[in-house]
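Worksheet: the structure to be examined is printed underneath.
The values are calculated or read from the model by the stated rules, or taken from the named source; none is laboratory data. All values derive from a computational prediction rather than experimental measurement. Cβ sites come from the backbone with ideal geometry, for glycine too, and all protein chains shown count toward neighbours. The protein model used for the area step is the full one, side chains on, heavy atoms only, and it has no ligands, DNA or RNA in it. Shrake-Rupley method; radii C 1.70, N 1.55, O 1.52, S 1.80 Å.
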Amino acid sequence: MVRKSFVIDTNVLLYDPSAIGKFKDNDVIIPLIVLEELDAYKKNSDERGRNARSVLRYIDSLKLSHKGDYRDGIELPEGTKVLILLETGRENDFPLLLDRLSNKMLSICHQLKKKKERVIFVSKDFVSRVKAEAMGLEVEDYENLKSSYDQLHRGLRKIRLPKSEIDAFYANGFLQPEGNDFLPNEYCLLASEEKSSGVCKYNIRTKRLEPLMRIDKGIWGVLPLNVEQKCVIDLLLRDDIPLVALMGPAGTGKTLWALACGLKKVFDENMYTKILISRPIVPLGKDIGYLPGTKEEKLYHWMQPIYDNLEYICGASSGKEQGTSALDFIMQSKKIEMEAVTYIRGRTLPRVYMIIDEAQNLTPHEAKTIISRAGKGAKVILTGDPTQIDNPYLDKDSNGLTYTLSKFYNHKLFGHVFLDKTERSDLAAIAADLM
């Protein structure tokens, strides 16, 4: 088998700092300009800065623990050889100007192609991959942490049954399903030709379909508007399911129900000590430290969708006139905390109801960092829409929300639901379908 040479772009190492060890029995080439970019990023206090420092420390440790040198290659136990490439010279036949780092990377790959039998450029930047492919270079996206969004299970299935079996489900309080292909905590919509129906959840322990938790008056004045939302409520109120993922387009109720159920659990049932709400600071492209004011003032505008939902819930539960007072009481209770994802690392959070909104903008490593912060008695809710991503190096298959679902879907501690129907307004629903 021909040994391949993988030239690794900086964005790959920032996305997955352990990527170097994932190219078994092949050569991993790290150009000097990649080290220089990592060196520039290492001063940052965000996830990219931490990943840059992690990669640089790892590269520095290779010389001490393995045979070889950086120029000729350091051999790792899994058969990978790691080389640091110093060549950056301009070629006469190279078609692009070396006015940007991405073009310099492509120039290096162009030079290596003349010396080695098979050179592959690996990058998370699709523009760089397009340029490389147009030049005749072999390219790959880094897919070690990818999972197919289109093949993810929806968390809710529809089953056609005779009316008599649905009646028996209501009478007995359970239904013994045919087959054994149900996921833990999967929801089912039972339907018959006679228009009778029922909603239930698969219990992995009893191997049966069982009714949802009974909710008579909604949650804090908010009522479910469709079957998916009923399943979401059931999932969020169950204390034996500490990790929940809610996916769907804008206006489907993901954040609203995460907050409403959190308020019930914290203020009504005292099951958790507080609600911790966080969102990735992505759209501006900078950490919140670049904004003026205190941390709370910096976070206020990023968390405005959260405040909007809280205001709606308080208005629904207390009436429009008392809604403002209820919201003030909630915020002054110190039982709701807003935090940037950047500052969750290193914390241990027991008995906390944690909502991570817009989780599709997390990398898999960021998602892992957040979930691993959960202490005893904590619950983590990830909400987002993997088809609407602001992070330039993520897509619907490589983001932290999709990755988390792909890893946990078959675990009894996890549950998820896709919400498809926009309930924000008729206009929002039409816009979601047409635009």
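The table for this structure:
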item	result
Enclosed volume per residue, in Å³, of the convex hull spanned by Cα atoms of the range 19-121	109 Å³
Length-normalised contact order of the range 345-400 in % [C-alpha pairs under 8 Å, at least 6 apart]	46 percent
Pairwise centroid distance, computed over Cα atoms, of the range 326-348 with the range 385-419, Å	24 Å
Two-site label geometry, D268 and N144: point separation in nm, points 7 Å out along Cα→Cβ	4.6 nm
Over the range 360-435, relative contact order from alpha-carbon pairs under 8 Å, at least 6 apart, %	31 percent
Accessible area of the range 145-262 divided out per residue, in Å², using a probe of 1.4 angstrom	47 Å²
Linear extension gain, D420 paired with K368, 0.36 nm per residue minus alpha-carbon span	16.1 nm
Inverse mean reciprocal Cα-Cα distance (Kirkwood Rh) of the range 335-435, Å	15.0 Å
In degrees, nearest ten, helix 101-113 long axis to first principal axis of the chain (Cα)	60 degrees
Degrees between helix 254-263 axis and first principal axis of the chain (Cα, 0 to 90, nearest 10)	60 degrees
Full-extension gain in nm, R57 to D433, via 0.36 nm per residue minus C-alpha separation	130.6 nm
Length gained when the stretch N410-T387 is fully extended (0.36 nm per residue, less Cα-Cα span)	6.0 nm
Listed residues Y149, Y393 arranged by accessible area, highest first, probe 1.4 Å	Y393, Y149
For the chain: relative contact order, % (alpha-carbon pairs under 8 angstrom, 6 or more apart)	16 percent
Amide N proximity, the range 200-231 versus E165 label position 7 Å along Cα-to-Cβ, cut-off under 13 Å	209
On Cα atoms only, tilt of 32-41 relative to the major axis of the chain in degrees	40 degrees
Paired Rg and Dmax values of the chain, which use every Cα atom, in angstrom	25.3, 81
Projected label distance in nm at L101 and D240, using a 7 Å step from Cα toward the beta-carbon	5.0 nm
Local electrostatic count at E37 - Lys and Arg +1, Asp and Glu -1, tallied over other residues with Cβ under 14 Å	+3
Pairwise label distance in nanometres, F174 with R154, each label 7 Å out on the Cα-Cβ vector	2.7 nm
Viscosity 1.002 mPa s, temperature 20 °C, Stokes-Einstein D of the range 61-213 from Kirkwood C-alpha radius, µm²/s	101 µm²/s
Considering only the chain, percent of DSSP beta bridges that pair antiparallel, nearest 5	25 percent
